[in-house]
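Report on the structure given below.
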Amino acid sequence: VQLQASGGGLVQTGGSLRLSCVGSGNIFSVNAMGWYRQAPGKRREPVATMTNGGVTNYAESVQGRFTISRVNAENTVYLQMNSLKPEDTATYYCSLDRADNLRFWGQGTMVTVSS
């Protein structure tokens, strides 16, 4: 399974970015896809996840600013990030939870929010 993430970059405070992630390979069935992030010197943390049934879960810090969406048939997940803050600066990783309970990770895409 390969996950290809894109869409990161440099943006000013208050700006927006849209991350994309496409899965390929031996993806026979997916339970959920999502996004995590890791800032320098910090642990990786969940940002947003969405199950195949459309149930979403957001970190409290991004509620109301970030929106996750998926195209299940294409194993694709998006993260629309609005009203970005400097504390959102991190490397963002997409994830795919396969039906056999294995989790796969994308390569990461860097998001930098300048103040």
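The values are calculated or read from the model by the stated rules, or taken from the named source; none is laboratory data. Just so it is clear, the structure is predicted and the values come from calculations on it, not from any experiment. FYI the Cβ positions are ideal-geometry reconstructions off the backbone, even for glycines, and counts take in every protein chain you see. Quick note on the areas: whole protein, heavy atoms, side chains included, nothing else; ligands and nucleic acids left out. Shrake-Rupley method; radii C 1.70, N 1.55, O 1.52, S 1.80 Å.
Points to keep in mind about this one:
- Entry note, the range 66-112: relative contact order of 29 percent, from Cα contacts under 8 Å with a spacing of 6+ residues.
- 11 Å beta-carbon shell around A59, net charge (K/R +1, D/E -1): -1
- If the segment from T112 to Q4 were pulled out straight at 0.36 nm per residue, it would be longer than the present Cα-Cα gap by 37.0 nm.
- Residue-span extension gain [V55 to N72] - 0.36 nm each, minus C-alpha spacing: 4.8 nm
- Charge dipole magnitude, Cβ of K and R +1, D and E -1 - the chain, Cα centre, debye nearest 20: 140
- Taking all protein chains as they are arranged and a probe of 1.4 Å, the heavy atoms of S83 leave approximately 60 Å² accessible to solvent.
- Pair R65, F28: separation of 7 Å Cα→Cβ label points (nm): 4.1
- Taking every DSSP bridge with both residues inside the chain, close to 90 percent are antiparallel.
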